[in-house]
Amino acid sequence: MNCAIVDDEPLARDILAGYMKSLGYINLVGSFNNAFDAQEFLKNNTIDALFLDVEMPEMSGIDLLRSLPYPPITVFTTAFRNYAFEGFELGVIDFLLKPISFSRFNVSLDKIKDFLSLKADNADFEIDKDEPAFIFVKSGVQRIKLFFADVTHIQGLKDYAIVHATTRKIVIKGSVKSMQQLFPDAQFIRVHKSFIVAKEKIRRIEKNRIIIGDHQIPIGRNYKEEFERKISGE
């Protein structure tokens, strides 16, 4: 797995680099103390994952990520909690709060590995017009029946959508908007630029987030009114 680190704090870079070295299977191909050098590197190199500090002088991590036409899988690293929602907007896969422990770093790596593995099995889908209760998801030579009732939520990551079901996760090439058109409007609600949720799977709602199992899903400002209308049955 090829990774890069961008952080203006030397200690923060050293800690992450040490974690990566200790695991043995991560190739640290770049470590940068500013966003400009990282931007130039990423224009000419492809990596699997980017560990990106948010607050840096002159160009922030958020500005760097927005400037990349084809950004890699990204994990935000920051000392401030208030960037989590911006991370969701930009499709980051995880959010690490400093100081970063080795165990929490491994959780991020598991998410990255899961996504890379699922992406490698890149699934396609087809609708069974006579059976609107499910779709067939094509993965390799197999066609897997995916019941809408098993889906808990859908997460968008750039050009892919991760369909979270009760027993599996499936990556489909396509936008959240295309998934919204595919899944039944009566059962699923778009709640954020990057998320669709199954109405029946919502466990509770806490201010501007939805709890489904162990997942905390943000409610976007532009989607809140429609979400509240749908859950109230109007």
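Coordinate-derived values only; no laboratory data. Owing to the predicted nature of the structure, the values given are computational and were not obtained by experimental measurement. Please note: Cβ atoms are built from the backbone with ideal geometry, for glycine as well, and neighbour counts cover all protein chains shown.
The slack in the chain from residue 209 to residue 79, taken as 0.36 nm per residue of separation less the alpha-carbon distance, amounts to 44.7 nm.
In degrees from 0 to 90, rounded to the nearest 10, what is the angle of the helix 35-44 Cα long axis to the longest principal axis of the chain? With rounding to tens, the tilt is 70 degrees.
When the P(r) of the chain is calculated, the portion above 32 Å amounts to 25% of the C-alpha pairs.
Build a GNM of the chain with springs between Cα atoms under 10 Å apart, and of 38, 198, 79 the one that fluctuates most is 79.
Entry note, the chain: the mean residue ellipticity at 222 nm calculated from DSSP H runs of n ≥ 4, each adding -39500 (n - 2.57), is -9000 deg cm²/dmol after division by the residues and rounding to the nearest 500.
Cα axis of helix 102-120 to longest principal axis of the chain: angle in degrees, 0 to 90, nearest 10? Helix 102-120 sits at roughly 60 degrees to that axis.
Straight-line cross-link partners of residue 207 among the lysines, defined as a Cα under 19 Å from its Cα and at least 8 positions apart when in the same chain: 193, 199, 224, 230. Legend: calculated FRET efficiency, residue 14 to residue 41, from the Cβ-Cβ distance at R0 = 22 Å, rounded to 0.05, equals 0.70.
Taking amide H positions as modeled 1.01 Å from N, with prolines and chain starts lacking one, the residues under 5 Å from residue 134 and 5 or more places away or on another chain are 148.
Less than 5 angstrom separates the built amide H of residue 77 from those of 52, 53, 54, 96, all sequence-distant by 5 or more or on a different chain. The value given for region 2-119 is a Kirkwood hydrodynamic radius of 14.1 Å, derived from the mean inverse Cα-Cα separation. Computed from Cα positions, the angle between helix 10-23 and the longest principal axis of the chain comes to roughly 70 degrees. For the chain, modelled as a Gaussian network with Cα springs under 10 Å, which listed residue fluctuates most, 175, 117, 31? The residue that fluctuates most here is 117.
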